[in-house]
Structures are given as structure tokens and as C-alpha cells.
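Visitor: Have a look at this one.
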Amino acid sequence: MYLVTILGNLFIMLTISSDSHLHTPMYFFLFNLSLADIGFTSTTVPKMLMDIHTHRGVISYTGCLIQLSFYSLFGYLDSLILTVMAYDRFVAICHPLHYPVIMNPQLCGLLVLLSLIISLLDSQLHCVMVLKLMFSSDVEIPHFFCDPSKLLKLACSDTSFGKVLFYFIVVIFGGVPVSLITFSYIQIVSSILRVPTSGVKYKAFTTCGSHLSAVCLFYGTGIGLCLSSVYSHSPRKSAAASVVYMLVTPMLNPFIYSLRNRDIKIALERVLKRTS
């Protein structure tokens, strides 16, 4: 599954970069989404595979902090890129005549850069939360990676500050993207419903179908992970939910965009013809 995830996302990136027809804002954001997916899944899965192979699940305190930082960075970058893609679809459908002017290359680059900066802030807040906690010399984390919610439960010191910061991160850094995506799609749906031609409606819904599927998959598995960590006391169930969130979602994204997108299919055919 990890190999399919890496190869699938690399193939999407190669297709977009090698085909000039795909040098548009939508595919520029898709390129960055694939890059974030590779980083997100590579943060935890290789270490997990090595632990399975060596039968040693050991990580240093510094290694744990590094893993936590990159996990938060790429996870939130994924979320923000999906939010930016929702804005791109909103402009394309609700303001089609102004789309080339609004979604110019400078704005697209700025949106990705801002997403990266905000993601870095999110990862540093997670690090600050863990650095404020005290642990015993040997701690056994009931998980296959350094999950911040699990670290909060294992701390020996007062965790009130950590819990407040953790819930602040979840509410602000999780709630804002979901709200913006929801607002974008409310505007998109209301705009599409006002169109009298059924053919135009179908084309507009098809354009958003791949992105909406990716959003539902990402946030659906993310909510499932949060609920399992809060309400389930079984480490196995929590680990299973994390695997779905970290591995299945990034693995399925290339299939969602390649199978439901005509432009990607045509570009893939061109790439395959060149290599054959």
C-alpha cells in the first residue's frame, strides 16, 4: 500500500509537470496535494515498516518530536491544499469570466506558500505542547507513531496547558478549513442550480466530483480517527483508524483524480505513449 501511494502520487506529479495542457491552477494545486500526500504518509509508515521488520518499536525523544512535527506539517498542509482547491473551484464556477484574472500564477503561488507557513505554525504548536510535558525515562506509546493525543495521556506532569493547546489547535486549525470548504461548496451548488442547461450542470458537478470525493475521504477518515482516539480505549482500533487516515487516503487520491478526470486520463495516455 505504501509503494502504491508513493508511485501513484509520483505518477500524478510526473503527468502534470510533463504535460503543458495541465499547467493550470487546478492541476498546480493537485501537484502540491500529491507532494503533501507523499510527505504525510512517509512521516510514519517507513518507521512502522522498519519496526515490523526488526521487531523493535523504539524511538528516541528527539525522533518522536521530529516525527510529530512532520506529521502535523504535512497533515495540515494536505488540509489547506484541499481548502485552496475548493476556492479554485468556487472561482471557476461562480466567477468563470474572471477566473484567469483572479487565479493568476502569483496568487496560486502565494496561496501554496501561505498554506506551508500556516502548516509550519501548526507543527510548531504541537511541538510546544509536547515540550511542556514531562515523561518518565521509558514510556510505552500504545501506537505505531508519536500521536499527540496519546502523549498527553502518558505525561507525568500537569497536562491542563497541553489539553487547552491541543483543543485550540483542533478547533482553529481543523474547523477553519472545513468551514471554508463548506462555504465554497454551498456557493458552488447554489450557482450550479441556477443554471438552466442540464449539460452545463453535469459538467460543473463533474469538475468538482474528484475534489469533493478527496475532501470527504480526508475529513471522513480524520473525524473517524478523532472519535476512535476519544471514545475507544482499544489501541488496536485506534491504530487501525490511523492506518486508514495516513495510508488509505493518500493512496486513493491518485485513483480518484485519474479515474474521474478526463484531462488526467488524456495526459496519462500521452505520457505512456512517449515512454513506450
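Visitor: All but one of (1) under 21 Å from Q124 (Cβ atoms); (2) open to solvent by 50 Å² or more (accessible area, probe 1.4 Å); (3) not small (G, A, S) hold for L97; which doesn't?
Guide: The number of the failed condition is (1).
Visitor: Can you pull out every residue in region 185-221 that is assigned to a helix (DSSP H, G or I), of a type in the set (A, V, I, L, M, F, W, C) and over 14 Å from Y87 (Cα atoms)? Give the derivation first.
Guide: Taking region 185-221 as the starting set, the residues that turn out to be assigned to a helix (DSSP H, G or I) are 185-193, 198-221.
Subsequent filtering for residues that are of a type in the set (A, V, I, L, M, F, W, C) retains 186, 188-189, 192-193, 200, 204-205, 208, 212, 214-218.
Of everything in region 185-221, those that are assigned to a helix (DSSP H, G or I), of a type in the set (A, V, I, L, M, F, W, C) and over 14 Å from Y87 (Cα atoms) turn out to be I192, L193, V200, A204, F205, A214, C216, L217, F218.
Visitor: Hey, can you tell me all the residues within region 39-60 that are in contact (Cβ under 8 Å) with a residue 24 or more places away in the chain and surrounded by fewer than 19 Cβ atoms within 10 Å (Cβ to Cβ)? Show your work before the answer.
Guide: Residues of region 39-60 that are in contact (Cβ under 8 Å) with a residue 24 or more places away in the chain, as a first pass: 39-49, 51, 57, 59.
Residues satisfying the conditions are G39, S42, P46, K47, L49, D51, G57, I59.
Visitor: From the list Y71, Y76, Y87, exactly one residue is of a type in the set (S, T, Y), under 20 Å from T182 (Cα atoms) and either in contact with a His (Cβ under 9 Å, 6 or more places away or on another chain) or open to solvent by 50 Å² or more (accessible area, probe 1.4 Å) (or both). Which is it?
Guide: Y87
Visitor: Does S157 meet the test of being free of Cβ contacts under 8 Å to residues at least 40 places away in the same chain, open to solvent by less than 40 Å² (accessible area, probe 1.4 Å), out of contact with any Asp or Glu (no Cβ under 8 Å at 6 or more places or on another chain) and not hydrophobic (A, V, I, L, M, F, W, C)?
Guide: Considered against the rule, which asks whether it is free of Cβ contacts under 8 Å to residues at least 40 places away in the same chain, open to solvent by less than 40 Å² (accessible area, probe 1.4 Å), out of contact with any Asp or Glu (no Cβ under 8 Å at 6 or more places or on another chain) and not hydrophobic (A, V, I, L, M, F, W, C), S157 comes out as yes.
Visitor: List pairs: first in region 1-28 and open to solvent by less than 40 Å² (accessible area, probe 1.4 Å) and modelled with pLDDT of 90 or more, second of a type in the set (A, V, I, L, M) and not in a helix (DSSP H, G or I), Cβ under 6 Å, 6+ apart or cross-chain?
Guide: Filtered contacts from region 1-28: P25/M103.
Visitor: Hey, any hits in region 130-145 for a residue that's buried (at least 17 other Cβ atoms within 10 Å of the Cβ) and closer than 30 Å to I188 by Cα?
Guide: no
Visitor: Residue check: is P177 open to solvent by 40 Å² or more (accessible area, probe 1.4 Å) and in contact (Cβ under 8 Å) with a residue 24 or more places away in the chain?
Guide: Answer is no for this residue.
Visitor: Take the conditions part of a helix (DSSP H, G or I) and touching a Pro at 6+ places or on another chain (Cβ under 7 Å) and apply them to D51. Does it pass?
Guide: Here the answer is no, as D51 does not meet what is asked.
The values are calculated or read from the model by the stated rules, or taken from the named source; none is laboratory data. Here the structure is a predicted model, which is why all the values come from computation and not from measurement. Glycine also receives a Cβ, built like all others from the backbone with ideal geometry; neighbour counts cover every protein chain displayed. Side chains are part of the model used for accessible areas, which takes the heavy atoms of the whole protein and leaves out ligands, DNA and RNA. Shrake-Rupley method; radii C 1.70, N 1.55, O 1.52, S 1.80 Å.
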